Amino acid sequence: IAQPGETGNDTWEKDSWSYTGNTAVWAPMSADEELGYVYLPVETPTGDYYGGHRPGNNLFAETLVCLDAKTGKRVWHFQFIHHGIWDWDIPTAPILVDVNHNGKRIKAVAQVTKQAFTYVFDRATGEPVWPIVERPVPQTDVPGEKTSPTQPFPTKPAAFDRQGVTEDDLIDLTPQLKAEALEIAKLYKLGPMFTPPIVFDPKGKKGTLMLPSPTGGSNWQGGAADPETGMLYVSSITNATSMGLIHDPKKSDMDYIAAGLGESRPAPGGERGNIGPQGLPLVKPPWGRITAIDLNSGEHAWMVANGDAPDYVKKSPALKGVDLSHAGKPERAPLMVTRTVLFAGDGSGQFAAPPGAGGPMFRVLNKKTGALIHEMQLPGRETGIPMTYMANGRQFVVVAVSAPGVPGELVALTAE
């Protein structure tokens, strides 16, 4: 947080720079050894969903900051969200990759985000590779809150997941589920990207539907870049939730705090489900996806669902006979790209709704098309990014796994 006399201090109005916290870096940093620069993805300040106590754009929150590694001096920065109130903090390490742009080879840095944008810059100068434009966004009606009239939108690449919620986004796997989803949606405020949270009304709307949710879009699993082709592979989640605010002086001295991320409905088997009909996701699939983005052109090359539906969805009587083979798992799928293929897993299972929506499957995909080449079951769910190494002339792939009742372990794989 900028102190008096420092760049950005004026964006923390009413002396909010002096008491606001939490604006730190929790995701991994990245470094360019040749340039001597380090790249810091900075998170959301207190509080995640209400900023009435920190008026202004709040630099350097939700900002990619480039520093000189030897001196600590700021080289350049770019703020992705002004006055963030969606908990869309930057969750993953910036990706350093060289790309061909307009006939010129440039050193780029690509930052994937919870809001499903990929921001791409010349990592030496901070100049956006493609224009990033300020566009008007919906404004808040929460007392004491003041939102930014505009937010930055990359013109390329296109978002790698759905953003905002309309009735057309609701689950429609059967007419009955769509009808139920429409009734549920009446309890919430729907709107485009950057629609602010609202105050919870026990007799009215419970909150704002958020898509991506505060857990992404993308999250800690980030993306995998191919240094030879400039292709970026990103896994993401499409699972809407809601955010309402309450005034509760017994819990906090802030004017408003989060009421909670939606009201889940029981899923088949009695587990905690989603806010959608019969415990199913409120929006239509795919709920987990993998997208290939060509960072040379800024265009998407392909998108595939990350596996089939979670087991709790398959068990739903409401979906008997419905093809769920390309529904995708709403979980954080770790990716690793090699010279020949793309490795992907179901997801970590840490933040799925309901718990256990992730799975133990490990897949090999054609990195040019996304087509499935091979899949196998691991002893547990992936809990980290796969890694690869050579030993005695053989290539190995190692995956960290665990699950309830399954001790954490490393699984090493190799070709026979």
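The values are calculated or read from the model by the stated rules, or taken from the named source; none is laboratory data. Since we're looking at a predicted model, the values are computed, not measured. Here the Cβ positions follow ideal geometry from the backbone for every residue, glycine too, while neighbour counts run over all protein chains shown. Keep in mind that these areas ignore ligands, DNA and RNA; they rest on the heavy atoms of the full protein, side chains included. Shrake-Rupley method; radii C 1.70, N 1.55, O 1.52, S 1.80 Å.
Quick check on the range 298-320: of everything there that is part of a loop (DSSP other than H, G, I, E, B) and in contact with a Pro (Cβ under 6 Å, 6 or more places away or on another chain), which residue is nearest to ASN102 (Cα to Cα)?
GLY298
Whether any residue in the range 73-85 is under 17 Å from the mean Cα position of the chain (by Cα), open to solvent by less than 30 Å² (accessible area, probe 1.4 Å) and more than 24 Å from ASP122 (Cα to Cα) is what I want to check.
Checking the range 73-85: at least one residue is under 17 Å from the mean Cα position of the chain (by Cα), open to solvent by less than 30 Å² (accessible area, probe 1.4 Å) and more than 24 Å from ASP122 (Cα to Cα).
Answer yes or no as to whether THR150 is touching a Lys or Arg at 6+ places or on another chain (Cβ under 7 Å), open to solvent by less than 10 Å² (accessible area, probe 1.4 Å) and either of a type outside the set (A, V, I, L, M) or farther than 30 Å from ASN100 by Cβ (or both).
no
Pull out all pairs, ordered by first then second residue, where Cβ-Cβ is under 9 Å, the residues are six or more apart or on different chains, the first lies in the range 128-148 and is under 15 Å from GLY47 (Cβ atoms), and the second is open to solvent by less than 30 Å² (accessible area, probe 1.4 Å) and part of a strand (DSSP E or B).
Partner pairs satisfying both residue conditions: THR140/ILE198; VAL142/ILE198; VAL142/LEU245; GLU145/LEU245.
Does PRO281 count as under 22 Å from TRP220 (Cβ atoms) and either touching a His at 6+ places or on another chain (Cβ under 9 Å) or at pLDDT below 95 (or both)?
yes
Kindly indicate whether ALA400 is without any contact (Cβ under 8 Å) to a residue 40 or more places away in the chain, touching a strand residue (DSSP E or B) at 6+ places or on another chain (Cβ under 6 Å) and of a type in the set (Gly, Ala, Ser).
yes
Only residues in the range 4-22 that are surrounded by fewer than 18 Cβ atoms within 10 Å (Cβ to Cβ) count as the first member; pair them with residues that are of a type in the set (Gly, Ala, Ser), Cβ under 8 angstrom, at least 6 apart or cross-chain, and list the lot.
ASN9/ALA2; ASP10/GLY56; GLU13/GLY56
Among the residues of the range 167-191 satisfying the criterion of being more than 16 Å from LYS205 (Cβ to Cβ) and assigned to a loop (DSSP other than H, G, I, E, B), which is most open to solvent (accessible area, probe 1.4 Å)?
Out of the qualifying residues, it is ASP172.
Test THR155 against the stated conditions and say whether it is within 19 Å of LEU280 (Cα to Cα) and of a type outside the set (Asp, Glu).
No; evaluated as a whole, the condition is false for this residue.
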